[in-house]
1. Rule-of-thumb check for the range 129-234: C-alpha Rg over 2.2 N^0.38 Å?
2. So if R0 is 25 Å, what FRET efficiency would ARG219 and ALA156 give, r being the distance between their Cβ atoms, rounded to the nearest 0.05?
3. Could the peptides 109-122, 145-158, 171-184 be put in order, highest first, of the mean number of other beta-carbon atoms found within 10 Å of their residues?
4. Compute the long axis of helix 101-116 from its Cα atoms, compare it with the longest principal axis of the Cα atoms of the chain, and write down the angle in degrees, 0 to 90, nearest 10.
5. Quick one: helix 123-133 against the long Cα principal axis of the chain, what's the angle to the nearest 10°, folded into 0 to 90?
6. Report the rotationally averaged projected area of the range 199-295 based on its alpha-carbon convex hull, in square nanometres.
7. In whole Å and largest first, what semi-axes does the C-alpha gyration tensor of the chain yield when each eigenvalue is scaled by 5 and square-rooted?
8. Taking the Cβ of GLU147 as the centre, find all other residues whose Cβ is under 10 Å away and add up their charges (Lys, Arg: +1; Asp, Glu: -1).
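Laboratory data are not the source of any read-out in this text; all were calculated from the coordinates shown. Nothing here was measured: the structure is a model prediction, and the numbers come from that model. Every residue, glycine among them, receives a Cβ derived from its backbone with ideal geometry; neighbour counts consider all protein chains shown.
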Amino acid sequence: MRSSATAQPNIALVKYWGKSDIEKNLPAVGSLSITLADLWTTMDVDFATDARTDTLSVNGRTDDRMLARVSRCLDRVAGGRRPAAAVASRSNFPIAAGLASSASAFAALVVAADAALGRGRDRLDLARLAGSSSGSAARSLYAGFVELEAGEDAVALRQLAMPADWPLEVVVALAAAGEKPVSSGEAMMRSADTSPFYRRWIDDQPDDLAAARSAVAARDFDALAAVAEHNCLKMHSLMWTSRPPIVYWNQVTLLCMQAIRDMRERGRRVFFTIDAGPQVKAVCVRDDADAVAERLAATDGVLDIMRSGLGDGARLTPTECVR
Ligand code: DP6
């Protein structure tokens, strides 16, 4: 009863920020994202152990920090009594630094655990299960451009375009190493409780989603750039106006944003988005990706650059599934 699955992180262009049901982890707003190709997390799940409790290793080392969330996720996949599991996670990018590592981790975890237990759920069910552990993880079950609709009792997901339909690229500029001080889950609940702008954020999200959806349908880069930057800055202004405030950015974040705006004014097709961390994600057309990567790598304080095209949803590694 073991299995292995791989998933990539996704980057939201219209953000999930706020929960309508904390217990079920239901998002208060819809969101729209792109699934990446070249950053990945693989999860091995082995229920065939004699151990009495679950164990978790991350990149080859025992790491208990995420163990409680992983165990709760496995409970939901099993839906009743289950044997203890040994879970091993491997990623090729920094964990918990605002690079959506929980999205790829929980997407891969539900796919691997479902197969190891022989449940054979469909993609939507797996996405809902992943989303109940981490809202953004639901989107990593799908390839390319993905829209998540926030229903009252459950989320729905829609594939808007495949990677080959609009092969954008993402350049990630690492603006700081290390883990974020406040988790995104905690930060969004603080925004909901204390930011005077939260209500307006909820009310306006359908307009941003509609604008992004039509930009994707028309492959209109400028329209997508406009709505994605606006939506990202709105989300961060909720954090800045929370009490106490949450500021994930540093000066390198701002320098990267300026570099991206400057490149766009000079005709490059690129825009930024930033999640719950200081890292800047530059989304661009393929022809401009080298120039964008070069300029961000040369920006003061940038520690590293990662690049990715758009890729597939979470999937099993069939040869590794043993029951
Ligand atoms: C800023 O999915 O990490 O990346 O459901 O509490 O685990 P939880 O939150 P999480 O939040 C992601 C927030 C974001 C925006 C996004 O990905 O849509």
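1. 1.19
2. 0.60
3. On the way: 109-122: 22.0, 145-158: 17.6, 171-184: 19.3.
Answer by packing, highest mean first, reads 109-122, 171-184, 145-158.
4. Once rounded, the angle reads 30 degrees.
5. Roughly 80 degrees, rounded to the nearest 10.
6. Taking a quarter of the hull surface, the average projection is 6.7 nm².
7. Semi-axes from the Cα gyration tensor: 31, 21, 19 Å.
8. Taking every Cβ under 10 Å from that of GLU147, the sum is +2.
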